[in-house]
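One structure is given here, and the rest of the page talks about it.
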Amino acid sequence: MKIGVVAVQGAVSEHVEALNKAMEELKIDEKAVYVRDVKDLNDISGIVIPGGESTTINRLMLTTGMHERIIELSEEGLPILGTCAGAILLAKEGDEQIKQTNTVLLGLMDMKVLRNAYGRQVDSFEADVKIPEIGNKPFRAVFIRAPVIERVWGNTKVWAKHKNTIIGVKKENILALTFHPELTNDLRIHKYFIKMVMK
Ligand code: GLN
């Protein structure tokens, strides 16, 4: 089992560290890898697209060829976790801001995302959110210039909500979150993803 993190920009090492700790606790003798180029996607069994700047991550994924390859691998069932900017890129539909920046979405999930939708006043915040899929204990979610998932359709389902706003969605092999699970010490979400990869 080899889980990679798209390592072109953003919160990369935090995800690698969280995955490594989670694998250690699950007694899986593996280490996460940095995916910097399309060839690094060979023999990968799961991929994380981190938070950062969706425009920058998108541009670098396009120029390296990772964009096209991840779409192909997803069709073959590759498990994918996208957080914040990574979640934006997984969407099929974006708002005006996303269109104006010529961001080319991966289009792998039936959802519409609104970039920076919490607005200036609430640039960043933390909240205890309920995610029944990972247990009863609330998860401390860190939102940083987070997007909002406006709606889902087709086989993309709501996975988590906070105050009536969708903050997590899932479709068979893909999980997208508008917050940063790699910035807390709670490893439950990374463990959940590792289990998706092991299936
Ligand atoms: N605001 C960023 C974007 O739109 C996402 C922020 C993040 O990933 N923390 O790309």
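On the basis of the beta-carbon distance and an R0 of 30 Å, V158 and R36 show a calculated FRET efficiency of 0.35. Other residues lying with their Cβ under 15 Å from the Cβ of V12 contribute a combined charge of -4, Lys and Arg counting +1, Asp and Glu -1.
Ranked from largest, the principal axis spans of the Cα set of the chain equal 43, 41, 30 Å. Where both bridge residues fall in the chain, DSSP classifies roughly 55% of the beta bridges as antiparallel.
In the chain, helices alone account for a calculated mean residue ellipticity at 222 nm of -8500 deg cm²/dmol, with every DSSP H run of four or more residues adding -39,500 (n - 2.57). Applying both filters, DSSP loop and at most 13 other Cβ atoms within 10 Å, to the GluC sites (Glu not before Pro) of the range 113-174 gives E172. Peptides 160-166, 79-85, 25-31 ranked from most to least packed by the mean count of surrounding Cβ atoms within 10 Å: 79-85, 160-166, 25-31. Label sites at T101 and K199, each approximated as a point 7 angstrom past Cα along Cα to Cβ, lie 3.0 nm apart.
Cross-link partners for K137 among the aspartates and glutamates, with Cα-Cα distance under 20 Å and sequence neighbours closer than 8 places in the same chain left out: E25, E126, D128, E182, D186.
Extension gain, K27 to S13, is 3.0 nm, computed as 0.36 nm per intervening residue step minus the present C-alpha separation. Where Lys and Arg each count +1 and Asp and Glu each count -1, what net charge lies around I134 among other residues with Cβ under 11 Å from its Cβ? So the environment of I134 carries a net charge of +3. Across the range 70-130, Cα-Cα distances exceeding 19 Å account for 40% of all pairs. Distance distribution P(r), the range 1-77, all Cα-Cα pairs, bin width 5 angstrom from 0: 3, 17, 26, 24, 17, 9, 3, 0 percent.
All of the numbers you see were taken from the coordinates with simple rules; none came from a lab. Treat the numbers as computed from the prediction; the structure is a model and nothing was measured. Glycine also receives a Cβ, built like all others from the backbone with ideal geometry; neighbour counts cover every protein chain displayed.
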